[in-house]
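Structure record follows, encoded as structure tokens.
The values are calculated or read from the model by the stated rules, or taken from the named source; none is laboratory data. Please read all numbers here as calculations on a predicted model, not as lab measurements. With ideal geometry, Cβ positions are generated from the backbone for all residues, glycine too; neighbour counts draw on all protein chains shown.
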């Protein structure tokens, strides 16, 4: 009997995202001399004050992507404005920080190649999904080889287990792009002529030969395989850019997000820019569609998608059901159940915890199609799969009976509500596992601090809830901050503050500013009320992932063997005459 490995897993991050989006959006590199890898972004990429480099190729989107008009000078030296918990386009996975996370118990990391062809084009460096993920995979191999003394790229469950057992970080490569169906083909042609079934195994073999083992079939837009989750108007623009049409939606009573309404400033700017440059108009009819309900995508899993996923199971891929429409998710889970094939939700949230539409002015905090229903989450666990709550949970409803007070929006306390919800399902179902999904470098922000001017950041700019912020900040000040003493949780590594240049990171006031602060995040969870028993599943999540992967490999072999047996059985023909 193989001894279980000990440690936690991050099922979703983007180590090589600096090569995505045309290679001109994310400042900084994950490796190399720190002075060069994390050089000031205003000098080499983002321009003065982060508003881009003026000229004929100046991308207007540069000025607004961080949520305001540019940003301060940041990078090596003082690191005054980078890294921060709320950055979108600055490196957060430098190798020294990743090594600190490993020292704090991180044992398995899914590094996902990502790209966005619209963003790449807006940055005037167009790059197809195919070429982008190939570059990212090639560099991930080099990265793990350069640091083979403490990490390695795992191509099988047994190889990952061997790496972890030998004290190393197991890195598993995944892919998450919008046009997975057009790899090795022409994306624009697919809008006119459907993908042929003969192309499906070729795409999967190409991905597998490159070294990818985790796959997200849908991302931010529809493709030949099915419908994407509707939860951001900017992704509606992307769907129009890629597919030539906007989302077709229908009503859902348990969803509060609606397309075309309550647009925030950044989204309004994106829509105006898109209308101007693409000579189109954002649909006005969404306001009349399903009044009183939220919007979900009409499109589920297509016959092509069903064939593709069956072949992916035959080839042993780990399937990630994130970003799928509600119908598509349910269809995929039914397909997985037929084959008894486990799946993962690598950076999820839960619909029952989303705020009601009338409770918040921020659409991102309302229940949306991106969030898994209770039924979907249970089905994932029943298959032996994993739920990995995304670390950045803006604001959630209280989890009943929580051991952690839900009194600091968008902090470790908020994630604790999501994690404990997942644990409650894990106890009900009795199978599967619960991990975390950080989405570092994925154009996503992170949990904020509980102290200082950025405390309770999840309430900022929410007209209906911002008045609660001073109260939540006061509640934190009345309690002791996280002390830096002793060792990292469940390890022998000393728990001292992370440093970069002349900057010292204090989780109390900095939040989860980079991957190296994951041990601080975990210590803070315990500090605010998580029990050792509650933390056990997290520190068993690397083992849970390995067992899930082993099950995928086993089911893959069984599916292939079953087909061979079927082919060998002689077919009786009815007598004639």
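Could you go through region 486-501 and let me know if any residue there is touching a helix residue (DSSP H, G or I) at 6+ places or on another chain (Cβ under 9 Å) and at pLDDT below 95.
yes
Condition test on residue 556, is it within 26 Å of the chain's Cα centre (by Cα), farther than 13 Å from residue 104 by Cβ and at pLDDT 95 or above?
yes
Of all residues in region 4-37, count the ones that are surrounded by fewer than 24 Cβ atoms within 10 Å (Cβ to Cβ) and under 19 Å from residue 434 (Cα atoms).
4
Run down 98, 140 and say which single residue is closer than 30 Å to residue 493 by Cβ and touching a helix residue (DSSP H, G or I) at 6+ places or on another chain (Cβ under 6 Å).
Result: 98 is the single residue among 98, 140 that is closer than 30 Å to residue 493 by Cβ and touching a helix residue (DSSP H, G or I) at 6+ places or on another chain (Cβ under 6 Å).
Go over the candidates 431, 424, 375 one by one and state the one that is surrounded by fewer than 24 Cβ atoms within 10 Å (Cβ to Cβ), part of a loop (DSSP other than H, G, I, E, B) and modelled with pLDDT of 95 or more.
431
Please give the number of the condition residue 145 fails out of (1) surrounded by 15 or more Cβ atoms within 10 Å (Cβ to Cβ); (2) without any contact (Cβ under 8 Å) to a residue 40 or more places away in the chain.
Only one criterion in (1) surrounded by 15 or more Cβ atoms within 10 Å (Cβ to Cβ); (2) without any contact (Cβ under 8 Å) to a residue 40 or more places away in the chain is unmet by residue 145, namely (1).
Can you tell me how many residues within region 239-272 are over 13 Å from residue 221 (Cα atoms) and assigned to a loop (DSSP other than H, G, I, E, B)?
Total meeting the criteria: 12.
Those residues that are within 16 Å of residue 534 (Cβ to Cβ) and under 17 Å from the mean Cα position of the chain (by Cα), I need them from region 389-413; list them, please.
389
Among the listed residues 223, 236, identify the single one that is under 23 Å from the mean Cα position of the chain (by Cα), farther than 15 Å from residue 176 by Cα and in contact (Cβ under 8 Å) with a residue 24 or more places away in the chain.
On the way: 223 fails: farther than 15 Å from residue 176 by Cα.
Step by step, each of 223, 236 is checked, and only 236 is under 23 Å from the mean Cα position of the chain (by Cα), farther than 15 Å from residue 176 by Cα and in contact (Cβ under 8 Å) with a residue 24 or more places away in the chain.
Can you say whether residue 455 is assigned to a loop (DSSP other than H, G, I, E, B) and in contact (Cβ under 8 Å) with a residue 12 or more places away in the chain, as far as the supplied structure shows?
The answer is yes for residue 455.
When the residues of region 300-309 are filtered to those that are surrounded by fewer than 22 Cβ atoms within 10 Å (Cβ to Cβ) and touching a residue at least 40 places away in the same chain (Cβ under 8 Å), which remaining residue is nearest to residue 251 (Cα to Cα)?
300
Here's the yes/no breakdown for (1) more than 30 Å from residue 339 (Cβ to Cβ); (2) modelled with pLDDT of 95 or more; (3) in contact with a helix residue (DSSP H, G or I) (Cβ under 7 Å, 6 or more places away or on another chain):
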| site | (1), (2), (3) |
| --- | --- |
| 223 | no, yes, yes |
| 254 | no, yes, yes |
| 265 | yes, no, no |
| 275 | yes, no, no |
| 298 | no, yes, no |
| 308 | no, yes, yes |
| 312 | no, yes, yes |
| 315 | no, yes, yes |
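For region 65-80, which positions are buried (at least 17 other Cβ atoms within 10 Å of the Cβ) and modelled with pLDDT of 80 or more?
75, 76, 79
Considering only residues that are touching a strand residue (DSSP E or B) at 6+ places or on another chain (Cβ under 9 Å) and in a loop (DSSP other than H, G, I, E, B), look in region 315-347 and name the one that is surrounded by the most Cβ atoms within 10 Å (Cβ to Cβ).
341
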